[in-house]
Amino acid sequence: MRSDRIVLVFTRRRSATLRNAFTHCQAMIDLSLVAIVWISCGVFIASIISAATGMAGGVLMFAAMNTAIPVRQLVPIHGVVQIFNNAARSWFLRHHTRWDLCLPFTVGAVIGAAATTMFIVQYVSEALVLALLLGLILYTLFKPKRMPQLKPLGRGFFFVGLATGSMGIIAGAVDPLLGAFYFRDDLSKEAIVCNKSVMQLVTHLTKIPAFIYLGFVFSDYLGIIALFSVIAIIGTRVGVALLQRIDTRVFFIAMRIALALAALRITFQLAGIG
């Protein structure tokens, strides 16, 4: 999502400015009971959707939290809650983990994030990255039947990891990117959600050092992070139970809709950048 661009400030010219911005945002967030209940409901519903469809929950969660939490504080807080959210999905569906896919991805994601942070980010525009992502999603959704699906296996996910780690730093658009590689017929719906969650977990973990480097003090927000993380885990458990009951065809229809909505959102982002 576009707000995740805050991690781009690893470039030397911008890092000092945003480090100061984070430092000035350390006052405790004053949330009313109504705001806490509203955000909790949003986190719960978003977690169910993420677990049941493998898509779109992160965006919905961010939108719900943003009704009461400023973006500068929300981006790191949302990132940590998403770590617990993805970790819970991965754990509840752990018997479907494909380490032959996840381990190469992890290596690629770490290299991609580090290389982009240190060398690439100042030379690549967000618009170019989003345009490439949009093309990838449109190919996935509307490719002719005679054209191949995007179905990397094994070492192929190293390159998916490179792209995802890099895009996570430049544009934050990780969910639709991974969704394009998991819209496939050779994995069960449980395996899709599980392994996509593991990969999203890895990608979110690569961002934490960036926030710490910028001066964000996570300990100042442990209360709300813990609360929303627990609610996310409970919602994930409900969503996984739902996932195991829905028909595979319905699952892929929901995933197609989520990808189409992601493509629409990226189109609006590109229009705003232009």
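Which FRET efficiency value, to the nearest 0.05, is calculated for A260 and K143 with the Förster distance at 22 angstrom and r the Cβ-Cβ distance? Let's see the in-between values first.
Details: r = 14 Å, r/R0 = 0.63.
Result of the calculation: an efficiency of 0.95.
Subtracting the Cα-Cα distance from 0.36 nm times the residue separation, let me have the gained length for I212 to D247 in nm, one decimal. Please report the intermediate quantities before stating the final value.
Working: separation 35, 0.36 × 35 = 12.60 nm, distance 4.23 nm.
Full-extension gain reported as 8.4 nm.
Calculate, for F119 and L153, the FRET efficiency according to 1/(1 + (r/R0)^6) with r their C-beta to C-beta distance and R0 30 Å; round to the nearest 0.05. Walk me through the intermediate numbers first.
Working: r = 29 Å, r/R0 = 0.97.
About 0.55, to the nearest 0.05.
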* Asked: Over the range 172-274, what per residue volume does the convex hull of the Cα atoms give, in whole Å³?
  -> 129
* At what distance in nm do the modelled label points of T67 and R98 sit from each other, each positioned 7 Å from its Cα along Cα→Cβ? -> 3.8
* Burial order of peptide ranges 154-160, 235-241, 76-82 (average beta-carbon count within 10 Å, highest first) -> 76-82, 235-241, 154-160
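Read-outs throughout are calculated quantities, based only on the coordinates presented, and are distinct from any laboratory measurement. Please read all numbers here as calculations on a predicted model, not as lab measurements. Quick reminder, even Gly has a Cβ in these numbers, built from the backbone with ideal geometry, and neighbours come from all protein chains shown.
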